[in-house]
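A.B. asks: Quick one: this structure, given as structure tokens, is what I'll be asking you about.
The values are calculated or read from the model by the stated rules, or taken from the named source; none is laboratory data. Here the structure is a predicted model, which is why all the values come from computation and not from measurement. Cβ sites come from the backbone with ideal geometry, for glycine too, and all protein chains shown count toward neighbours. What goes into the accessible areas is simple: the full protein's heavy atoms, side chains included, and nothing from ligands, DNA or RNA. Shrake-Rupley method; radii C 1.70, N 1.55, O 1.52, S 1.80 Å.
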Amino acid sequence: LPGLGDCMAWSADGRFLIIGGNFHQILELDVESGQMTTLADYGTHTRVLCCSTDGNRVISGHGDGSVRFWNRVDQSVKSLHLHETELRALTLTADEKIGISGDESGRQAMWFTDPAARIGILHQPRRHAKHRYELSPQTVFCAGGGKMLRLSDGEGSNVLVRSWTLSPAPSSQVMPRF
């Protein structure tokens, strides 16, 4: 690798390993042949990655606070600037239509994947708050036929569930702790 590989994601079929890091590129390793190719050269540190299940898209989060969408079919790249600090996590809903990203300040943003478009900010931490969390498919899920998004945050008796109605316009509601 040309630098430090900070993040990796497998393609759904297991044939490719997608690698990002401080070398400002997203690389693809063909596991069978060992050949490494450059998918994208973004000019910024790649912090987190995920691949679509159809293998046609790589979604990445960067040190400049952007979320970028690389399309394998037409080689196009789209970018959303949703954060003011480095991204630390991102995940997609099971149907891959909506993504959530989180930065080092604890800000969480929600966005559509295709076409790439901002939905809104889910959580904006208080100034100087130290909030570390992890986003994963187990903590983000759709309900109500894809019309409701729920995010669970916390552990044990301190779980907080936030719900957002996705149709007709996103709205936020904080559910009581249980």
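A.B. asks: Can you list residue pairs whose Cβ atoms sit under 7 Å apart, with the first residue in segment 91-118 being assigned to a strand (DSSP E or B) and the second being open to solvent by 10 Å² or more (accessible area, probe 1.4 Å) and of a type in the set (Asp, Glu)? Count only pairs 6 or more apart in sequence or on different chains.
C.D. replies: Asp103/Glu86; Thr113/Glu96
A.B. asks: Could you list, in sequence order, all residues of segment 23-44 that are open to solvent by 40 Å² or more (accessible area, probe 1.4 Å) and not β-branched (Val, Ile, Thr)?
C.D. replies: His24, Gln25, Leu29, Glu32, Ser33, Gly34, Gln35, Met36, Asp41, Gly43
A.B. asks: Looking at (1) part of a loop (DSSP other than H, G, I, E, B); (2) modelled with pLDDT of 85 or more; (3) open to solvent by 20 Å² or more (accessible area, probe 1.4 Å), can you tell me which one His83 breaks?
C.D. replies: (3)
A.B. asks: Restricting to segment 45-54, and then to whatever is more than 14 Å from Asn71 (Cα to Cα) and of a type outside the set (Val, Ile, Thr), can you tell me which residue is least open to solvent (accessible area, probe 1.4 Å)?
C.D. replies: My answer is His45.
A.B. asks: Kindly evaluate Asp6 against the criterion of being of a type in the set (Asp, Glu), open to solvent by 30 Å² or more (accessible area, probe 1.4 Å) and not in a strand (DSSP E or B).
C.D. replies: no
A.B. asks: Continuing with this model, one more query. Answer yes or no as to whether Asp13 is open to solvent by 20 Å² or more (accessible area, probe 1.4 Å) and farther than 23 Å from Arg118 by Cβ.
C.D. replies: Answer is yes for this residue.
A.B. asks: Still on this structure, I have one more. If you go through segment 86-109 one residue at a time, how many are open to solvent by less than 40 Å² (accessible area, probe 1.4 Å), more than 18 Å from Gly43 (Cα to Cα) and of a type outside the set (S, T, N, Q)?
C.D. replies: 12
A.B. asks: Could you tell me whether Leu17 is over 22 Å from Met110 (Cβ atoms), part of a strand (DSSP E or B) and modelled with pLDDT of 90 or more?
C.D. replies: The answer is yes for Leu17.
A.B. asks: Quick check: anything in segment 61-74 surrounded by 13 or more Cβ atoms within 10 Å (Cβ to Cβ), more than 23 Å from Ala109 (Cα to Cα) and not small (Gly, Ala, Ser)?
C.D. replies: Yes, because at least one residue in segment 61-74 is surrounded by 13 or more Cβ atoms within 10 Å (Cβ to Cβ), more than 23 Å from Ala109 (Cα to Cα) and not small (Gly, Ala, Ser).
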